[in-house]
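K.L.:
Shown below is the structure under consideration.
The values are calculated or read from the model by the stated rules, or taken from the named source; none is laboratory data. Model, not experiment: these values are computed from the prediction. Glycine also receives a Cβ, built like all others from the backbone with ideal geometry; neighbour counts cover every protein chain displayed. Just so you know, the surface numbers come from the protein's heavy atoms only, side chains and all, with ligands and any DNA or RNA stripped out. Shrake-Rupley method; radii C 1.70, N 1.55, O 1.52, S 1.80 Å.
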Amino acid sequence: MHMNARITFALLLIFSCFQGCNYVPGNSSCPPIPGPAVSLSPAVQSLNSSVNIDLSQRYIREKVRQLVQTPHTAQNGVDVGTIVLSEQNLQGQKLNLINIVIYPWLKGSGDSIVSLQRAYELKLKIVPYLITPNELSDESQRTALLCPNGGNCNGTSGILLAFEFYELFSKTYQSSVVCGSSNYDLIDAQVLKAVFASMSSAKPITLPATPILSIVENLTGSPVNLTGVAIGSDLEMKVGILLDAGTPKPFSSQVWLSHFPEEDWGVSIDTFFVAEAVKKSAASLASADPRVVVNNVKVDFSTAGFGISANGKINVCGGINFTATTTAKPQICMGADGISQLQICTNKAQTNPQINILQAACYLGSQILGSFSGGMSTAVIKQGGICPSMAKLTFQAGANDTFYGTKVDTDGVFYLTGRSTFIDSQLQNIGTPRQPLPTVCP
């Protein structure tokens, strides 16, 4: 008999004796399938989104590895191989899956482990849950779901991403592991039991929405609410948030975070919110003086930040056309309280009145553009100061994990990136710590 076959046969006998040495192929006990991670109905996925959250492959892989991998101090368990995200259509329904290759083992002598010469592919469904007052009216229950560590976790609206069992596939027999099938044996039973035990204690990934909502509210000047969610898992993880404001766009599984390989998460906020906020503010500034009429306001997004330009007419001195321009540069920095925050630094507007010689003396005497020019510098925000804070970007993302902001990208987008303290700890433990970000606020 081949050595590997003898080892597998011996281990199968050991498993048999755990059950009373009465092993009969195809007649192993069926462990109960664990129930849903959250006692709510899963969210019906939206076709559109207003804000998108990207989660890096590394972040998802390490979260799943922590869930499934068995410590080698145990008497038996599984090692985790490759972890791949995928999307699958089943009877017209999209399934968001995590595919995990696992290898079962038994504890050997000393610290060694002995392989059971089997390989399986564990498939987990990623299931979104919407946590809002409309979905769950009890605020204390919402807080318990979104704040697993207790304390203040940035509000009581958000999204939970739960991992739920979908299928265990035997790569050895090239078939699904189904209790009672002819191939189902005690190794299958023990692996399935271990998987179900892990799933029963699995904690969802928590994504509080309040920090994101506060950014949008500061831009729009009015409350916004979380109304829907969509998720994508085409190799990368993406969560779309639907708001009751703005112009939602069709949801796509493609992510922007691949441009920032060192970061763990990213948030894409519709540039519509920024542009509309600037337009409203400019119109409001002009309305303070009935002689000023703003015809058009344009906002450009570039690596330098937001470029804001306006043109209009002053109804004095026979009518004077003008243009006004200013810039605003977002940044993420660490406050004195150790909390990451988003700031938007503004510059004073430059105005260019189009006057002829006959209008010059009249215009210089009126100085009518003075107040408008000063106001344009704060048109994009609604607070005083050179670099006022728009929102705090530090929040819980589940048990023993905190997200914090690090960078801003405005090159045609409004995209915030950040890191996870869970991944920080993982990298620190293997001796490859990251350069600390963000820098301290000025």
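K.L.:
Go over the candidates 301, 260, 272 one by one and state the one that is in contact with a helix residue (DSSP H, G or I) (Cβ under 9 Å, 6 or more places away or on another chain), surrounded by fewer than 21 Cβ atoms within 10 Å (Cβ to Cβ) and under 30 Å from residue 402 (Cα atoms).
P.N.:
None of the others qualify; the one that does is 301.
K.L.:
Follow-up. Report, by residue number, each residue of the range 71-97 that is touching a residue at least 60 places away in the same chain (Cβ under 8 Å) and either among the aliphatic types (A, V, I, L, M) or surrounded by fewer than 19 Cβ atoms within 10 Å (Cβ to Cβ) (or both).
P.N.:
Answer for the range 71-97, where residues must be touching a residue at least 60 places away in the same chain (Cβ under 8 Å) and either among the aliphatic types (A, V, I, L, M) or surrounded by fewer than 19 Cβ atoms within 10 Å (Cβ to Cβ) (or both): 78, 84, 85, 86, 87, 95, 97.
K.L.:
Sticking with this one: Can you spot a residue in the range 350-365 that is at pLDDT below 60, over 25 Å from the mean Cα position of the chain (by Cα) and of a type outside the set (A, V, I, L, M)?
P.N.:
So far as the range 350-365 goes, yes, one or more of its residues are at pLDDT below 60, over 25 Å from the mean Cα position of the chain (by Cα) and of a type outside the set (A, V, I, L, M).
K.L.:
Let me ask something else. Having 2 or more residues that are of a type outside the set (Asp, Glu), open to solvent by 20 Å² or more (accessible area, probe 1.4 Å) and farther than 25 Å from residue 52 by Cβ is the bar; report the strands (runs of 3 or more DSSP E) wholly within the range 98-203 that clear it.
P.N.:
On the way: elements: 113-115, 120-131, 158-170.
The qualifying strands (runs of 3 or more DSSP E) are 113-115, 158-170.
K.L.:
Provide a single number: the residues in the range 210-227 that are modelled with pLDDT of 85 or more and part of a loop (DSSP other than H, G, I, E, B).
P.N.:
Final tally of qualifying residues: 3.
K.L.:
On the given criteria, is residue 169 of a type in the set (Phe, Trp, Tyr) and touching an Asp or Glu at 6+ places or on another chain (Cβ under 7 Å)? Even if it seems obvious, please write down each step before you answer.
P.N.:
Values: of a type in the set (Phe, Trp, Tyr): yes; touching an Asp or Glu at 6+ places or on another chain (Cβ under 7 Å): yes.
Yes: the conditions hold for residue 169.
K.L.:
Filtering the range 228-245 down to residues that are in a strand (DSSP E or B) and not small (Gly, Ala, Ser), which residue is nearest to residue 99 (Cα to Cα)?
P.N.:
Let us first name the residues in the range 228-245 that are in a strand (DSSP E or B), namely 228-232, 237-243.
From what's left, not small (Gly, Ala, Ser): 229, 231, 237-239, 241-243.
Values: 229: 22, 231: 16, 237: 13, 238: 16, 239: 18, 241: 25, 242: 27, 243: 31 Å.
Only one residue fits best here, namely 237.
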